[in-house]
């Protein structure tokens, strides 16, 4: 898959956040409106908010600086007086990788769930972990937060529907960390609006697969978004000339979603087959644009893979491989060579040790999404 433009991102496998603005995005920024978004007066920002909200079947949207801000503002907006708790996957970004925001901003307890199928939460997982009733020793569940995709895997919409039905039964709000819901939609063909019907709020990041330099849009009911504006301002998210960023994000949507995203998935799956041909296995199924190599089974030392990548001019963090719309075919060939070299080097190194068990493999086995 040819990159959209020559970019430093073409050899960066660390994350799909590594993309750089394309010529179309830069041109859009030059034409952008210069209104003040804090006063709601910027046409390009308003248009982007309306566009994303409409795509999700929601009446209103709000531009955010980042996915983390989008998630935290949404969850804070749903919550009122403690005690309260949020139920989510134990790997969820809102819980594990947002600097303790739920505790700091929302005074919320978290119920981290380990899915029984080791892939995604089911309604049975949720039902077993809900905190209901009036026991004063507990913090009742007020929000269920799902993430799609998580580790590149797609949560089936059928399961989302079941969880949403359960939540409504108990008056519990539903939030979607949709940082990569674009990928899920592009791969499955399920419209964003079909996902949106099951959630009270959604946070859709534009700086990952879409490739915008900055930005996320949260969507929900009009009253919800009006309240979220207060919390956005409180955490420093009010931007004056936001149109420069909104215009780039809008151009990214036009350029990348859905066809280019689907191409990245096809490229990722082909790469996964090449890795399988080398005898490698994965920690998670390859559904979209991420591969999580099982380095432990392959007996590859993560630091060796990182070093071999640097020798060949590519950036890799270890087990997690991310493909995006600017990844070049040449870089993919270098990545495969780095993996092959790492297998041989790691084998030789471990053979020189008295016990392979003395190797320090680090924390790569824990599947995470550190963006």
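The values are calculated or read from the model by the stated rules, or taken from the named source; none is laboratory data. Here the structure is a predicted model, which is why all the values come from computation and not from measurement. All Cβ positions, glycine included, derive from the backbone under ideal geometry; neighbour counts span all protein chains shown.
Which members of region 311-325 meet the condition of being closer than 25 Å to residue 348 by Cβ and either out of contact with any helix residue (DSSP H, G or I) (no Cβ under 9 Å at 6 or more places or on another chain) or assigned to a loop (DSSP other than H, G, I, E, B) (or both)?
Going residue by residue through region 311-325, those that are closer than 25 Å to residue 348 by Cβ are 311-321.
Within region 311-325, 312, 313, 314, 316, 317, 318, 319, 320 qualify.
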Residue 206 vs. criteria within 19 Å of the chain's Cα centre (by Cα) and within 17 Å of residue 69 (Cβ to Cβ): yes
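Here are some residues: 342, 346. Which one is part of a helix (DSSP H, G or I) and modelled with pLDDT under 95?
Values: 342 fails: modelled with pLDDT under 95.
Answer to the check: 346.
On the basis of being modelled with pLDDT under 95 and either assigned to a loop (DSSP other than H, G, I, E, B) or not assigned by TED's automatic domain parsing to the domain that holds residue 148 (or both), does residue 267 make the cut? So that I can check it myself, show each step before the final result.
Details: modelled with pLDDT under 95: no; either assigned to a loop (DSSP other than H, G, I, E, B) or not assigned by TED's automatic domain parsing to the domain that holds residue 148 (or both): yes.
So residue 267 fails the test.
Looking at residue 364, is it modelled with pLDDT under 95, surrounded by 12 or more Cβ atoms within 10 Å (Cβ to Cβ) and over 19 Å from the mean Cα position of the chain (by Cα)? Step through it out loud before you land on a result.
On the way: modelled with pLDDT under 95: yes; surrounded by 12 or more Cβ atoms within 10 Å (Cβ to Cβ): yes; over 19 Å from the mean Cα position of the chain (by Cα): no.
No: the conditions fail for residue 364.
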Which of (1) outside any helix (DSSP H, G or I); (2) within 25 Å of residue 15 (Cβ to Cβ); (3) out of contact with any helix residue (DSSP H, G or I) (no Cβ under 8 Å at 6 or more places or on another chain) is the odd one out, the single condition residue 121 does not satisfy? (3)
Can you spot a residue in region 128-151 that is out of contact with any helix residue (DSSP H, G or I) (no Cβ under 7 Å at 6 or more places or on another chain) and closer than 26 Å to residue 191 by Cα? yes
Of (1) touching a residue at least 24 places away in the same chain (Cβ under 8 Å); (2) surrounded by fewer than 22 Cβ atoms within 10 Å (Cβ to Cβ); (3) more than 27 Å from residue 185 (Cα to Cα), residue 300 satisfies all except one. Which? (2)
Matching residues in region 53-90 - criterion: being farther than 20 Å from residue 164 by Cα and part of a loop (DSSP other than H, G, I, E, B): 65, 66, 80, 81, 82, 83
Can you pull out every residue in region 208-246 that is within 27 Å of residue 265 (Cβ to Cβ) and surrounded by 24 or more Cβ atoms within 10 Å (Cβ to Cβ)? 208, 209, 210, 211, 212, 215, 216, 217, 218, 219, 245, 246
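Go through 41, 50, 10 for me and flag whichever is outside any helix (DSSP H, G or I) and either at negative phi or touching a residue at least 40 places away in the same chain (Cβ under 8 Å) (or both).
Working: 50 fails: outside any helix (DSSP H, G or I); 10 fails: outside any helix (DSSP H, G or I).
Of the residues listed, the single one that is outside any helix (DSSP H, G or I) and either at negative phi or touching a residue at least 40 places away in the same chain (Cβ under 8 Å) (or both) is 41.
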